[in-house]
Structure formats: structure tokens, C-alpha cells
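To keep things clear, I will list the structure first and then write my remarks on it.
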Amino acid sequence: MKVAFVIFEGFTALDFIGVYDAVTRLKTMDFMPELEWDICSFTEQVNDSLGLRFTPTKVKESLNTYDLVIVPGGFSTRTLVNDLEFIKWLQTSKACELKTSVCTGSLLLASAGLLEGKSATSHPSAYEYLRKFCSVVDKRIVDEGDIITARGVSSAIDLGLYLCEILAGHKAKETIRVQMDYQTPS
């Protein structure tokens, strides 16, 4: 199982870290020893929305070799949706078995044409924009089979644990949730 964690200039760090922490525990806690991942970007240098620098392990490489692609959100998504080069790069994930997003990362999936005929969620402030592309559902996680979207920033942890359950089962998800000391929202 190969995972691509996508990062880009101005993304929200918790959108990335929430999923990253849960999913990578599948390997570090021996539920999926074969799990591999890369931090993928379209640019050499990436800073989150507050200036924290992240170093990608893969730059401008096609995403089509991954089984799972995870796209965070952030205010910069509102301009990035119009960056044709970036969107074309994101479209290389089309054949991937599972594409996911947190928060306004769904706007990027939508702009790449990956949400056609699907339902999705995002941060509530982006619902109107997202409605131009797909049906919007006000839930923390919307699972459409090959596309899974998560609502706002804190739902990144929910998505990470949801993916753990899909990939390794309920017991693995619960063990990871307890290790993270995460109480699921009611």
C-alpha cells in the first residue's frame, strides 16, 4: 500500500497532520508493515498557512502510482483551484484506488474533475463553491467509494481513523484511536 500525502503552499497543517498521524501508525504499530508513503508537492519548498516549512519527498512526480492520495485544505485552495499546472498534476491521481481530502482540499479534487457525479463535504465556508461541482453533504465524512471527503480542520483526525478502519479493520482503528487518546466527536 502506497500513500501520497499532498502538500502545497498555504495548506493548513492540521489538515495534513491529523490524517498523517493516524495513517502512519498503521505501519509504526505493525498493523500494515508494508505501508509506504511520500510527502508529495508540485513545488520544491512548501510552507503551511502560518509559515511552517515542510519538505516534500517527491516533487512534480505523477500521483498515479499511489493507492491512496490525501489532499489537505487551506485558504490557498481558493486560488490554487485556478492554477492549471497544479490541477493537471493533481489529475494524475485519477486512476488511484482511493482519493481523499480534508476541509477545502475537496475544492481541489473538484477542480481536478474528480468529484463529478459524487457527493462531498468541506469546511462549511466553502459549501457554495463546492456546489458548483457536486452535491454537498453536511457531514464530517462523506464516503463515495473511491472518493472520501472530510469536513473542517479537526475532521482530519476522523478521516485518518476512518482510513485506518478501511485499510486494517475496526480493531486496528480502535487501538490507534486509544493510543492517540482521541475521543470521537458525538
Right, SER101: buried (at least 17 other Cβ atoms within 10 Å of the Cβ), without any contact (Cβ under 8 Å) to a residue 60 or more places away in the chain and either within 16 Å of PHE133 (Cα to Cα) or of a type in the set (S, T, N, Q) (or both) or not?
yes
Being at pLDDT 95 or above and in contact with a helix residue (DSSP H, G or I) (Cβ under 9 Å, 6 or more places away or on another chain) is the requirement here; does LEU84 meet it?
no
When you scan segment 61-75, how many residues do you find that are modelled with pLDDT under 95 and more than 10 Å from GLY105 (Cα to Cα)?
0
Qualifying positions in segment 127-141 - free of Cβ contacts under 8 Å to residues at least 40 places away in the same chain and touching a Leu at 6+ places or on another chain (Cβ under 7 Å)
LEU130, PHE133, CYS134, VAL136, ILE141
Being of a type in the set (Asp, Glu) and either within 16 Å of the chain's Cα centre (by Cα) or buried (at least 17 other Cβ atoms within 10 Å of the Cβ) (or both) is the filter here; which residues of segment 127-163 pass it?
ASP143, GLU144, ASP146, ASP158
Leading residue by the ranking (nearest to the chain's Cα centre (by Cα)) among those in segment 28-58 that are of a type in the set (A, V, I, L, M) and crowded, with 16+ Cβ neighbours inside 10 Å:
ILE39
Can GLY105 be described as on the phi > 0 side of the Ramachandran plot and among the small types (Gly, Ala, Ser)?
no
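The values are calculated or read from the model by the stated rules, or taken from the named source; none is laboratory data. Quick caveat, the model's predicted, so the values are computed rather than measured. Glycine also receives a Cβ, built like all others from the backbone with ideal geometry; neighbour counts cover every protein chain displayed.
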